[in-house]
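To keep things clear, I will list the structure first and then write my remarks on it.
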Amino acid sequence: MIAKTGEVTVDGVKVEFGQGETLLDVSNRLGRHVPTLCHDERLAPAGACRTCLVEVEGVRRMVPACRTPASDGQKVTTANERIDKHRRLLLGLYLTDHPAGRSDCEDGAPCELHAMAANYEAPTDWTPIPLTRAGRSEDVNPYIQFREDRCIACARCTRYCDEVEGVNAITLAGRGAATTISTVDSEGLFDTTCELCGGCVAVCPTGAMAEKMPLTAGAPPERELQKVRTTCNYCGVGCQMDLNVDTQASDGKGQVVKITSPPPGTPPSDGNLCVKGRFAYDFVDHPDRLKVPLIRREDGELHEASWEEALEFAAKGLLRVQQDHGKDALAFVSSSRCTAEENYLVQKMARVAFGTNNVHQCAAT
Amino acid sequence: MAGLVATFGAGAMTNSIGEIRDADLLFVIGSNTTEAHPIIGMEMKQAVKRGAKLIVADPRSIWLSTIANWHLKLKPGTDVWLLNAMANVILTEGLVDEEFIAQNTEGFEALPEVLAKYTPEEAERVTGVPAAEIRETALEYAKTRKAAICYTLGITEHSHGTDNVYALSNLVLMTGHLGDASMGLNPLRGQNNVQGANDTGATPIFYPGYQRVDDPEVQAKYEDAWGVPLSPEPGLNLNEMMKETGKSIRGLFVMGEDIVISEPNVSRLEEGLNKVDFLVLQDIFPNETTRFADVIFPAACFAEKDGVFVNSERRMQRVRKAVEPPGQARADWEILLDLARAAGASFKHEGPRDIFAEMARHAPKFAGISYERIEELGHGIQWPCSDDDSAGTTYLHEGGILRGKGLFEPVEYRPSKELADDEYPLVLSTGRTLYHYNAATQTRRAAGLPVKQPEAYIELHPRDAGRRSIEDGDWVDVLTRRGKIRCRALISKQVQRGCIWMPFHFGEARANLLTVDEGDEVTGTAEYKVCAAEVRRVTSELAPKGEGQEAFYPGSYYRE
Amino acid sequence: MKKEEHRERIPDELQKFAEGDGSASVAVSKLTGIPAADVFGVETFYDLLGKRDTKVHVCTGLSCQLQGADELLEKCRQVGLDATPYSCLAACDCAPAILKDRRTLVEVSEKDIERTKGDWQALDSKEVPSSQLWSGQIYPTTSSPETCAIDLAGAPDWMGTSSNLALELGPEGVIAAIDESGLQGRGGAGFPAGFKWKSVRGQAETKRYVVLNADEAEPGTFKDREVMMKRPDLVLEGLAIAARVVEATEIYMYLRGEFEIPQQVMTEAIELAHSNGLYSDLHFHVHSGQGAYICGEETALLESLEGRRGMPREKPPFPTEVGLWGKPTLIQNVETIACVPAILQRGGEWFRALGRTEAGSKLYCLSGHVARPGVYELPLGATLEELVEAAGGYIGKLKAFSPGGASSGFLPASERNRPLDFKSLAEIGSMLGSAGVVVMNESVDMAKAVQSQLLFFERESCGQCAPCRIGTAHQRHSLDSFMDERDEAAKSRCLKQVDDVAWEMREGSICGLGQTASLPLESARKYFPKEFQ
């Protein structure tokens, strides 16, 4: 556990803190909810969104909890009239620069800003300001769309791209109210160092960085999708991911319309995914999928068959080889792509049903 | 894998992925991590950001080499020379961990004699890596306690792949960089469940949990469990199976693998497949092997079934069914149960949960793992996990090496099976890119990835290209003694002179038509990383027309 | 992980990059090893980098507006000159001003614009041709070293008298003198200088820097320009004394990019000093800003010096502890540092006594509706009346004035006898700031004046924190809609919103820009309520 380095008082409760802990860490540990929009535990704190301001006794100005280190003897207040007013007004101000209707805004991912504004009863009737952030509508990459009207310039995406993914494809650009997210010379992502990991989409609190495919396909908003936690089927890292399923689609068979990451801190991938894991799921519904058993009949062509017939045909065919040429004339190639249980069954079948140790998975090293 | 089983007693990453960011030194060899394992690549970037030293050994310049403290740009296939020379330095400088060696290892005595001739200067001559860099990196590795080695197919896909692993094991054992967090030897697995397939016995020599088929006690245990007599004869490994296809192998069952695109020296394999009596395939898409099949079973993909994948760090994690398979497709486990039953076996399983339970019951390394406990512990369980009190093992060999004693296996350099010569003066290596996966069965059916990286290409050094009058984007033929493929040329200093490189993902330009089918003697792993080749420009009238011609776009994000 | 050592070169390299030669960001990325997107982020932050194709920038600071800036813009449009409105050029005493490429032209007339026939290169001020190294009017006009610490009219001293004295006094002696003088930072915050010097000197880290803040961009302010033009000797000497006290050898002088002429003067001054054998132990680095008001904020300035977007850092830690490249850094304003030589020569007590309500003499920048705009060195605590008297009187009848730049808001004529010092102005919710005093007569429409200031803040907000980024835009738009609105209920809703936003900007913003940006509106409403009905 954390080595104790001091004690702070948060809303009257004394709490120990460890090396490197911030007021946000300590407050969270105590269960005192301090709101954040620009924070992500994988990133160095920015203190830019200002939602996490709290009071420290003896300090005139409110301080950002996310980047204020806890120090011994501090007395911290996370909620009082001033802080509440600040949160309410700040969130009201954010909403003047953001799509007003929550359901319109949340056509893709849930919007943390709207949720927080509702939670703190922020004014929703303030006069909106005109949008001056530039977008990149000409970016034709198939996966990631920047929707400038939703952007709150919290820079989670650009910091993720820098600090976690390390490719620095996107940046804060411009100044003042026009501050936006851009690439070098506003190029399309394909023409940049972007690796399309989609981390920007995952960390975006407002759906400004959005996944294109579900939007284009008119998939239901994320809140109506069922999330199924599973393991990625590409490389050997075994990233955890949530398949977002439209359960009504495909005549009730369900359809994976999006993949989202689990929260930071989830092993083994810390909530990160790569381009294949996050975006290359549409093969699941590809028309090329094999849907019916096929057997090669006397005409030399493959024909559709019933499961019963195909299974019997296959078993007989393999057993005939065994009879004609011996047990070790059969070889079983198993798959590193299939589950542990399925690999277990292949080797058990080879050894038990066909009596051979000629079984090996496809990616032997 | 076999190499590590022999020297350490377990063929898996010694560390957890999450420990990489806390390492003080990373030695990445034969692994283009940011493309093949992007998430582990991120961990490495975190480590470097934190101040960790990074040594990259790779014949090519890769993303990681751009942030590395040292890039040992060795000639393909000379890894043993490099690693032995590093070991030589460590020995000569007296940086071996004598206490660790005495307590935890055996076979050290034989090492010095073998290493004697592998001086950095000689190594420079063979590998092309400056002797000074070999020295520096060897010293840095030896002196840094939290030093982790990561490797991938650049180490194993050689005819001497197991030797490479032995040479790495020797480095680890002689410095005692083992048995604690963020230090050790880590093979990064290329497929979601390579580890699981090995773990659960899909190998010719092991039952589940690395229990040898020729061990009478093990055999008796499984005969008792499964109720049938079992063969104590180790079977053929994959490479041998492929070579024997059409010869001693007359019938095949192939699940979830396009052997025609993935296995080396395809021309010979296709000949063999034409001769087999019976071929059963089970897959989610039709593929290059389909035309040889007698039966094809439509299978469910990962989103359509329950089960367990085991990742590189030995973590057994759940796969969960989210949607129904298309048409009449069924989960592989369902098909397998029915097929075994149709072949007369009495498999009494209900589903993945009890199949897993049976697997774990007879494999001591997994005995404490079950669906229930995976749910309970929340984030999968890393084996070894021998009973219900264990939460699994984040790093191996704590308080003693699993094998009992770590085994030094001194190795001598053996050249790759095919070296460049006058007729084929270039050395061809193959590998992965970020945007595709294996035979691209899935990724080329994804909407976006083929747009980012539509087609195959061969990377060629400007000097080699110039001598052949090849320009960037030209159509070229890549030729080896086994075949010829046609693709575009990518002129890049990412490869060194005399070396060419191509991705193996593309069916119409199958790298495996070119590669040799000589496998490693122990594992059978094919030598995809080294063969002799030549490249010739295709005259414009012969060049393929149509789509993509003007838009040559390799999609590679690093190009020197 | 990134090779950061060349990052500081980014602005300079971008500046060198001529337009039309392909992507500047990509080229500079290759030169520096900094990712191209990062470079682009820097490029688009600064006006002089991001808008290189536009060569004519018309100053729309309040004083220039009072002298016809809007008409100049309109004239540019008429003759087909591609011109953009620009934030205050620190030439309020020579209004109206135009930035031509990087050269500030002053007293530009509509005729000057007409003569160009649309060719920007032909643009020049007939009144003050650009061949001249122009500077402004000063007061007193003759050397008065007894009463003026800076003494703009005095002859430069290239003997290093004070710095030699400082060596004799030793660091502790120098600090004692500074403490005794009561010298407060003259960049705006009024922070005791001696305290900063001691803090830097007391740091455990031994690599330290001294930074000169010459990013003079607060509307109505142009005193640092005059100090550098007329007394570069004092600036260098003050810096040298400070550097030796805090044991730094590297001195970074950050001049706003539009100060092409002062930069030339300072560069020559460094050469002269070095050739006279002065300060050979010190390295002066002259750095050009690239067009961003916020870089006058000390931590934004540090970010900018490091080659980043000029976004202020959270304080604490203060630059005295964690400053340039993370090292302890002493940052002082030009005027502040220029006071140091006189303090050492004549003593802290002398300096303290120069002031009336607070310590020292003070440079007041006077512009707007007065007879002789210029820089006036008077006792700290002088009143507007005294200032204007020295300047030959008002033009028209005094209506309002802004005592310390845009951030200080507006005061009514009734405050004409209030001491212009840090404390007295703070008492009424205003501030002395940089002492950029802008005088407005009865012809001025207060709403329009407020509009000008709000537009300035909106344009110059760095965009990092939401209260300022959205708030500055919100306040300006609110004022627009307020003025257009006829419905009383709607008007009062609008005002309530403006108050709420102002509160939030004050409480929530990271730096002084956002914290004070509502002040012009709030103060104008307070003192001139009729104009907002």
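Between helix A:307-325 and chain A there is an angle of about 60 degrees, using the helix long axis and the longest principal axis of the Cα atoms.
Enclosing the Cα atoms of the protein assembly as shown in their convex hull gives a volume equal to 200 cubic angstrom per residue. Residue by residue along B:38-51, Cβ atoms of other protein chains within 10 Å of the local Cβ number 6 on average. Membrane-span-like helices in chain C, defined here as complete DSSP H runs extending at least 18 Å along the helix axis by their C-alpha atoms with mean Kyte-Doolittle hydropathy no lower than 0.5, are C:232-246, C:334-346; this is a sequence and geometry rule, not a statement about a membrane.
Mean partner shielding of peptide B:345-351, defined as the number of other chain Cβ atoms within 10 Å of each residue Cβ, is 3. The phi torsions of the stretch B:286-294, fed into the Karplus equation with coefficients 6.51, -1.76 and 1.60 and a -60° offset, translate into couplings of x, 8, 5, 7, 3, 5, 9, 7, 9 Hz, rounded to whole numbers, with Gly and Pro shown as x. The residues of the stretch C:138-354 have, on average, 33 Å² of accessible surface per residue, using a 1.4 Å probe with all protein chains present. Along its three principal directions, the equivalent ellipsoid of the stretch B:426-537 from the Cα gyration tensor extends over semi-axes of 21, 20, 11 Å, largest first.
At a Förster radius of 56 Å, what calculated FRET efficiency corresponds to the Cβ-Cβ distance of B:SER540 and B:LYS348, to the nearest 0.05? Using R0 = 56 Å, I get an efficiency of 0.30. Ordering B:498-507, B:164-173 by mean Cβ neighbour count within 10 Å, with the highest value first, yields B:164-173, B:498-507. Against the empirical 2.2 N^0.38 Å scaling, what ratio does the C-alpha Rg of the stretch A:4-79 come to? Scaled against compact globular proteins, the figure is 0.98. When both bridge partners sit in the protein assembly as shown, DSSP labels roughly 50% of those beta bridges antiparallel. Buried area at the B:A interface is about 10800 square angstrom, summed over both chains, from accessible surfaces computed with a 1.4 angstrom probe. Taking every protein chain into account, the 1.4 Å probe leaves B:TYR528 with about 30 Å² of accessible area, to the nearest ten. Quick check: from the Cα gyration tensor, does the stretch C:56-122 come out rounded (a/c under 1.5), prolate or oblate? Prolate, because a/c is 1.5 or more and a/b exceeds b/c.
About its Cα centre, the stretch C:56-122 has a charge dipole of approximately 180 debye under the convention of +1 per Lys or Arg Cβ and -1 per Asp or Glu Cβ, with nothing else charged.
When the P(r) is computed for the stretch C:308-362, the part past 16 Å accounts for 58% of the Cα-Cα pairs. Across C:TRP197, C:TRP350, C:TRP134, C:TRP120, the residue with the most accessible area heads the list, and the full order at a 1.4 Å probe is C:TRP120, C:TRP350, C:TRP134, C:TRP197. Kirkwood's formula applied to the C-alpha pairs of chain A gives a hydrodynamic radius of 24.5 angstrom. When only Cα pairs below 8 angstrom with a gap of at least 6 residues are kept, chain A shows a relative contact order of 10 percent. With springs only between Cα atoms under 10 Å apart, run a GNM on chain A and tell me which of A:GLN240, A:GLN323, A:GLN248 wobbles the most. For chain A, modelled as a Gaussian network with Cα springs under 10 Å, the answer is A:GLN323. Taking A:GLU163, A:GLU341, A:GLU57 in turn, the Gaussian network model of chain A (Cα-Cα springs below 10 Å) assigns the largest fluctuation to A:GLU341.
Modelled spin-label separation between C:GLN78 and A:ARG29, with each label point placed 7 Å from Cα along the Cα-to-Cβ direction: 7.0 nm. Computed from the C-alpha gyration tensor, the three semi-axes of the ellipsoid equivalent to the stretch A:240-354 are 37, 22, 11 Å, from longest to shortest.
Taking Cβ atoms as reference points and 10 Å as the exclusive limit, the residues near C:SER109 contribute a net charge of -2, counting Lys and Arg as +1 and Asp and Glu as -1. Placing +1 on the Cβ of every Lys and Arg and -1 on the Cβ of every Asp and Glu, with nothing else charged, gives the protein assembly as shown a dipole about its Cα centre of roughly 1340 debye. You can think of it this way: the chain between B:ASP387 and B:ALA110 has 95.9 nm of extra reach, that is 0.36 nm per residue less the Cα-Cα gap. As a fraction of the 1.4 Å probe accessible area of chain A, surface on carbon and sulfur atoms comes out at 48 percent. With q set to 0.08 Å⁻¹, the log10 of I(q)/I(0) for chain C, from the Debye formula over equal scatterers at the Cα positions, is -0.49. Using R0 = 51 Å, the C-beta based FRET efficiency linking B:ALA220 and A:ALA217 works out to 0.35. Distance between the pseudo-spin-label points of C:ASP480 and B:THR394 (7 Å out from Cα toward the beta carbon): 5.6 nm. Oblate is the label for the stretch A:294-361, because the ratio a/c of its alpha-carbon gyration tensor axes (a ≥ b ≥ c) is 1.5 or higher and a/b is not greater than b/c. Expressed as a whole percent, the accessible area of the stretch B:2-188 that falls on carbon and sulfur atoms is 48 (1.4 Å probe).
Take each peptide in C:49-62, A:12-25, count the other Cβ atoms within 10 Å of every residue, and average; sorted highest first, the result is C:49-62, A:12-25.
The distance between label points at B:ALA132 and C:LYS423 comes to 6.6 nm (points 7 Å beyond Cα on the Cα→Cβ vector). Of the beta bridges in chain C, as assigned by DSSP with both residues counted there, near 45 percent are antiparallel. Set the Cα radius of gyration of the stretch B:434-486 against 2.2 N^0.38 Å, with N its number of residues, and you get 1.40. Note that the stretch C:361-441 presents 26 Å² accessible area per residue, ligands and nucleic acids not counted, probe 1.4 Å. Rounded to the nearest percent, how much of the accessible area of the stretch C:400-494 (1.4 Å probe, protein heavy atoms only) is carbon and sulfur? Carbon-and-sulfur percentage of accessible area, whole number: 51.
Considering helices alone, the calculated mean residue ellipticity of chain C at 222 nm is -13000 deg cm²/dmol, with DSSP H runs of length four and up weighted by -39500 (n - 2.57) and normalised per residue.
Legend: translational diffusion of the stretch C:397-457 by Stokes-Einstein, Rh = Kirkwood radius over C-alpha pairs, 20 °C, 1.002 mPa s; D = 184 µm²/s. Beta bridges per DSSP, both residues in the stretch B:2-188: antiparallel share near 5 percent. Per residue, the Cα convex hull of the stretch C:361-441 amounts to 68 Å³. Inter-chain neighbour count for C:103-112: the average number of beta-carbon atoms from partner chains within 10 Å of each residue's beta-carbon is 0. Measuring r between the beta carbons of C:ASP157 and A:VAL13 and using R0 = 60 Å, the FRET efficiency lands at 0.45.
Across all C-alpha atoms in chain B, the radius of gyration and Dmax reach 23.7, 70 Å. Each residue of the stretch A:142-159 in turn: what ³J(HN,Hα) in whole Hz from Karplus with 6.51, -1.76, 1.60 and θ = phi - 60°, glycine and Pro shown as x? With coefficients 6.51, -1.76 and 1.60, one gets x, 10, 10, 10, 9, 10, 4, 5, 8, 6, 10, 6, 6, 6, 4, 5, 6, 6 Hz. Only the Cβ atoms of Lys and Arg (+1) and of Asp and Glu (-1) were treated as charged; on that basis the dipole of chain A about its Cα centre amounts to roughly 920 debye.
The values are calculated or read from the model by the stated rules, or taken from the named source; none is laboratory data. For clarity, every value in this text was computed on a predicted model and none was experimentally measured. As a convention, Cβ positions derive from the backbone with ideal geometry for all residues, glycine included, and neighbour counts pool all protein chains shown. What goes into the accessible areas is simple: the full protein's heavy atoms, side chains included, and nothing from ligands, DNA or RNA. Shrake-Rupley method; radii C 1.70, N 1.55, O 1.52, S 1.80 Å.
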